[in-house]
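The values are calculated or read from the model by the stated rules, or taken from the named source; none is laboratory data. Keep in mind that this is a model prediction, so the values were computed, not measured. Please note: Cβ atoms are built from the backbone with ideal geometry, for glycine as well, and neighbour counts cover all protein chains shown. All accessible areas refer to the heavy atoms of the entire protein, side chains included, with ligands and DNA or RNA removed. Shrake-Rupley method; radii C 1.70, N 1.55, O 1.52, S 1.80 Å.
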Amino acid sequence: MAKTGGSGKEKKTTATSRLFRKMQLKFTAFVAAICVALVTVSFVALTIVNTVSMEMSVGDMMDEAIRVAIEDMERPAPSDDGPRPDCLVVIARPGDRPDEMLAFGSLGSDVELTESDAEELIRAAVSGETDVRINDLIVRVRTLVEYDEEGRFGVYAFYDFTDRYSIYVSQTLGMLFSFLALAIILTLFAYMMSGVMLSPVRDSLVRQKDLVANASHELKTPITIINANLDVIKNAPESADNGKWIDNIEAQTKRMNELIIEMLEMCSFESDAYRPEIKEFDLGEMAEGCCLSFEAACFEKGVSIKYEGEGDTVIRSDEKGWTKLVGILLDNAVKYSPDGGRISVRIERRKKQIFLYVGNDGEIPPEIRGRIFDRFYKAGDGSGSFGLGLSVAKVIVNGMNGTIECSSKGGRTVFTVAVPLKQEA
């Protein structure tokens, strides 16, 4: 039966929650800043394009109105043929009175200008203004100076810019609110996604805190026993029972040493600095050798162990990792097999993967089966284990880009490891 029990995963601490929340907010702020910058650039670019397009359209229309007006002025009689733009064009020579000026077109069918309005527009054109507000209208002004045989004359174009300007403002505000909404949506999306993207970091923080807390708990008991035995020896240095206290100290020291070694091994396989020695070797031969090394332990419990290899079992992988992995699974099987039980080791090669099966008599309850790979997880007294073996096994398998699973039914527990035949260095 596999290792079970213990305290399992603890809920993340308040400090971890605060740290994760700070990381999440910083990530969201960073992504939001990028989104706002992109949205701002897009808004400014579209506003510039919209403005330039509108100005070019209005300018072309006024230029066309001026061209048509000059052509009509040069004809013997003004022509009324064809559509004319809603643009008032006034042609005047210096010193002309308003009633002597030539006028072509109009500001619009619904717009009426008084003589004083016309004079105000002319003054605005002469003074160089481009937009004039008059009678709740916004009038665009365009001035052109021309020459003929009679001398210099001015061509003044006036266009009712009110509707165009209202549409332009509405479009600009619509784009602004749309981009603001987009920025808010992207920020909220970034906040939600940050929780998913940073979850591995959160899990790592929780695992680190769990490791420290559980290791401290495991070390506290032997240290307390050692201190108590030392106090007894100090109080009665000549006592005949001191050998017993010294044996207790030695046993607890050995237990602490085993815990530290297991933790160092797990950290070693998890470390980015770990560089597996990838080479070709016969996994079946190595697994069979491991089975032979466990025969003595199996004999003491009356447990039988059998290796079964099928076909070619040569792989290119981390031999050190495989040796540790097989040893962990066999040690686990021996510890949790009942007296007189059976342990089986089988290796199969399928396509581009190698499969290792380690089975033993005994069954794991379904409610705790999903937690057996958690660090420091063990049931009852855990047969003196620390609950780290299967955690280390999972770390090793993950490092090989493989999977490890446990199935338990019909009085048998089987661990299945699937790893690629060829592992890159």
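Out of the DSSP beta bridges found with both residues in the stretch 289-399, what percent are antiparallel (nearest 5)? Of all bridge pairs located within the stretch 289-399, approximately 55 percent are antiparallel. Each residue, LYS306 and SER53, gets one label point 7 Å from its Cα in the Cβ direction; the gap between the two is 8.0 nm. Excluding SER337 itself, what net charge comes from residues whose Cβ is under 10 Å from its Cβ, given Lys and Arg +1 and Asp and Glu -1? With Lys, Arg at +1 and Asp, Glu at -1, the net is +1. Within the shell defined by Cβ-Cβ distances under 12 Å, the residues around TYR191 carry a net charge of +2, with Lys and Arg each +1 and Asp and Glu each -1.
Largest first, the residues THR114, THR162 sort by 1.4 Å accessible area into THR114, THR162. Which entries in LYS220/LYS301; LYS26/LYS394; LYS279/LYS394; LYS220/LYS394; LYS335/LYS422 show an alpha-carbon gap greater than 23 Å? Flagged as over cut-off: LYS220/LYS301; LYS26/LYS394; LYS220/LYS394; LYS335/LYS422.
Ordering PHE43, PHE158 by accessible surface, largest first, gives PHE43, PHE158; the 1.4 Å probe counts only protein heavy atoms, with every chain in place. Near the amide H of VAL303, within less than 5 Å, lie the amide hydrogens of GLY340, all on another chain or at least 5 residues away, with H placed in the peptide plane.
Taking all protein chains as shown and a probe of 1.4 angstrom, LEU186 keeps an accessible surface of around 60 Å².
Electrostatic bookkeeping for ALA297 treats Lys and Arg as +1 and Asp and Glu as -1; over the other residues with beta carbon under 14 Å from its beta carbon, the sum is -2. The heavy atoms of SER166 present about 60 square angstrom of accessible area, all protein chains included, probe 1.4 Å.
Got a sec? What order do ARG316, ARG375, ARG202 fall in by accessible area at 1.4 Å, biggest, i.e. largest, first?
Details: ARG316 100, ARG375 40, ARG202 65 Å².
Descending accessible area places them as ARG316, ARG202, ARG375.
With θ taken as phi - 60° and the Karplus curve 6.51 cos²θ - 1.76 cosθ + 1.60 applied, the whole-hertz 3J(HN,Hα) list for the stretch 234-240 is 5, 6, 9, x, 9, 5, 6 Hz, x standing for glycine and proline. Average accessible surface for the stretch 104-169: 60 Å² per residue, computed with a 1.4 Å probe over protein heavy atoms with every protein chain in place. When the surface is traced with a 1.4 Å probe over the full set of protein chains, THR47 keeps roughly 30 Å² accessible.
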